[in-house]
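The values are calculated or read from the model by the stated rules, or taken from the named source; none is laboratory data. Fair warning: this is a prediction, and the values are worked out from it, not measured in the lab. Counting neighbours? That spans all protein chains shown, and the Cβs are built from the backbone with ideal geometry, glycine included.
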Amino acid sequence: MATFRSFIGGQWLDSVSGRTAPNINPANIDDIIGETQLATREEARRAVEVAYEAFHSWKRTPPPARGRIIAKAARLMEDNKEELAKILTREEGKTIGEARGELTRAINVVEFCAGESRRMTGETIPSELPANFAYTVKEPHGVVACITPWNFPVAIPVWKIAPALVAGNTVVFKPATNTPATAVRLTEIFNEAGLPPGVLNLVLGSGSEAGDEILNHPAVKAVSFTGSTETGLKIYAQVAPRGVKVQAEMGGKNPVVVLEDCDMDLAVESTAQGAFGSTGQRCTATSRAIVIDRVADEFVEKIVARAKSFNLGDGSDTNTHIGPSVDEGQFDTVLKYIDIGREDGAVLLCGGKRASGEGLDNGYFVEPTVFDKVTPDMRIAREEIFGPVLSVFRVKDFDEAMAVANDSEFGLSSSVFTNDANNIYRFVDEIETGMTHINSPTTGGEAHIPFGGIKNTGLGAREQGSTSLDFYTELKVVYVDYTGRKREGNLY
Ligand code: NAD
């Protein structure tokens, strides 16, 4: 059985807390992967302090030299891809195919960020005055806290850590407590790639204690958070009085809109992939299907047949399509929402309970679930469930579909299924989400394309792609006057 420790100032640290948390395979709770030593507040503080000490020299390291280390980390991730994918499946529960996909995305992001190290350019700006010009430079903030969830425990940490480091910041990384093994392996890889001690520190501990202590440290100048809206908004309020920069990617309630003229098989398959893939535990998972009444019976019949066709099981078995919920808490939450849906009057068409049978009884498996005749006032229509549960809404026309789609506090991703170009562009104009897809699932993204949401889903600069360094850098503007004379005009 493995022991997972924090990594502070280049050393793996035995915590003095004496408190541990088991790391359990959610597909088989008898499979205990290891034990995490939970860091104390003092240890979390120490991680920020060593990151602060390492900052001044890391900031002076030329960006392309920082990028070379990040590029090496990408190569090491590639070399260890299969091992990482297996760890990911075992501790998070997603299928091995999904885990490999997450690794591919993560490696692409790290490669992209390594390239960005050679593009940390500013602008040169002509002046209103003769023999004057201005230019801009990008500078790091200092210590950045990267606080991450369990659902993409490889991709999300690296899409924060890699740009933060390339930009010249040092990092304190606080992953979710139920995915320590991937966090430890990633930290080892970045360390092996050649980061100096203190540049990347890992704190394994609870959010309310270790996470809270990191956030309260005055040396933390920026926080990149991904997780629930409740935690994200709390963190935002906590650090705002110190003027700390915050980037937060939070919950979702992503809709697909299915119009009459769509390719129905494509709409059904894409909705099924979006709703049930990764066990519905993607921030971009499809949770609402908003379907024009005239085609709703056909949609419902086909999506139920598809939901029933998936094999549930241990993700390491290549015949498995859908893995378990990540832990007991998440499993209970999903079952609780299914009860709420029934009580609120939604019509349960399939699923709706714990999955049982060979290979399932020892894990947190929930049957893929479809509710019909959901209305916008129901809790299953409004709150994030984060499980394999799809709610179908029947609407009379395009306008009602848009009203229902936008009736949400969240705004991460969405899709429309139609072959009418006018409706496609009306949808793009009117939909209130940070990302939208035309005739494809609500899920997915690419390393070189910005990612994130609006409304109560997203705060601050977008992650990834052309915007990936925006959050991690300050802009310094430099005015240059080479007249050698006292200025006469332009005295404002
Ligand atoms: P969570 O909010 O419970 O926890 C996220 C992280 O915050 C964890 O590391 C946790 O330990 C830490 N944390 C909790 N309380 C804290 C505190 N008081 N101070 C400091 N840190 C604290 O989220 P989760 O259950 O791990 O992840 C699921 C959520 O993440 C879902 O809501 C999902 O939509 C969201 N998510 C969003 C995106 C996106 O890009 N929008 C991507 C993935 C996941």
- Task: Report whether or not residue 460 is of a type outside the set (Phe, Trp, Tyr), on the phi > 0 side of the Ramachandran plot and free of Cβ contacts under 8 Å to residues at least 12 places away in the same chain.
- Result: no
- residue 428 vs. criteria more than 16 Å from the ligand (Cβ to nearest atom) and in contact with a Phe, Trp or Tyr (Cβ under 8 Å, 6 or more places away or on another chain): no
- Query: Just one of the numbered conditions (1) small (Gly, Ala, Ser); (2) within 14 Å of the ligand (Cβ to nearest atom); (3) in contact with an Asp or Glu (Cβ under 6 Å, 6 or more places away or on another chain) is not true of residue 237; which one?
  - Reply: (3)
- Matching residues in segment 214-262 - criterion: being hydroxyl-bearing (Ser, Thr, Tyr) and farther than 20 Å from residue 48 by Cβ: 228, 229
- Taking segment 32-64, which residues are closer than 18 Å to residue 194 by Cα, over 24 Å from the mean Cα position of the chain (by Cα), part of a helix (DSSP H, G or I) and in contact (Cβ under 8 Å) with a residue 40 or more places away in the chain? 50, 53, 54, 55, 57, 58, 59, 63, 64
- How many of the residues making up segment 324-342 are of a type in the set (D, E, K, R) and not in a helix (DSSP H, G or I)? 1
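Looking at 418, 433 in this structure, which one is at pLDDT 95 or above and touching a Cys at 6+ places or on another chain (Cβ under 6 Å)?
418
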- Task: Evaluate the following for residue 414: is it under 21 Å from the mean Cα position of the chain (by Cα) and farther than 30 Å from residue 112 by Cβ?
- Result: no
- Considering only segment 2-39, state which residues are among the polar types (S, T, N, Q), surrounded by 17 or more Cβ atoms within 10 Å (Cβ to Cβ) and within 13 Å of residue 177 (Cα to Cα). 6, 23, 36, 37
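Going by the structure shown, is residue 345 of a type outside the set (Phe, Trp, Tyr), outside any helix (DSSP H, G or I), buried (at least 24 other Cβ atoms within 10 Å of the Cβ) and away from the ligand (no atom under 15 Å from the Cβ)?
no
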- Message: Based on this model, can you work out whether residue 68 counts as of a type in the set (Lys, Arg) and over 22 Å from residue 326 (Cβ atoms)?
- Response: yes
- What number of residues within segment 350-370 are surrounded by 19 or more Cβ atoms within 10 Å (Cβ to Cβ), farther than 23 Å from residue 90 by Cα and out of contact with any Leu (no Cβ under 6 Å at 6 or more places or on another chain)? 2
- Item | Residue satisfying all of: in segment 284-296; touching a strand residue (DSSP E or B) at 6+ places or on another chain (Cβ under 9 Å) and part of a helix (DSSP H, G or I); surrounded by the fewest Cβ atoms within 10 Å (Cβ to Cβ) among these | 293
- Message: Among the residues that make up segment 323-331, is at least one of them over 27 Å from residue 426 (Cα atoms) and hydroxyl-bearing (Ser, Thr, Tyr)?
- Response: yes
- Would you pick out the residues in segment 354-387 that are assigned to a loop (DSSP other than H, G, I, E, B) and within 16 Å of the ligand (Cβ to nearest atom)? 364, 383, 384, 385, 386, 387
- Out of curiosity, is residue 438 touching a helix residue (DSSP H, G or I) at 6+ places or on another chain (Cβ under 7 Å) and closer than 30 Å to residue 334 by Cβ? yes
- Message: Looking only at segment 465-484, count every residue that is in contact (Cβ under 8 Å) with a residue 40 or more places away in the chain and out of contact with any Pro (no Cβ under 6 Å at 6 or more places or on another chain) and tell me the total.
- Response: 12
- Exactly one of 461, 403, 447 is assigned to a helix (DSSP H, G or I) and aliphatic (A, V, I, L, M), and that residue is 403
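Using the structure shown, decide if residue 279 is at positive phi, within 16 Å of the ligand (Cβ to nearest atom) and touching a Pro at 6+ places or on another chain (Cβ under 7 Å).
So residue 279 passes the test.
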- Message: As an exercise: evaluate residue 234 against (1) closer than 30 Å to residue 3 by Cβ; (2) surrounded by fewer than 24 Cβ atoms within 10 Å (Cβ to Cβ); (3) among the basic types (Lys, Arg) and give the number of the one condition it does not meet.
- Response: (1)
- Query: Pick from segment 146-170 the residues that are polar (S, T, N, Q) and more than 10 Å from the ligand (Cβ to nearest atom): which of them is nearest to residue 207 (Cα to Cα)?
  - Reply: 170
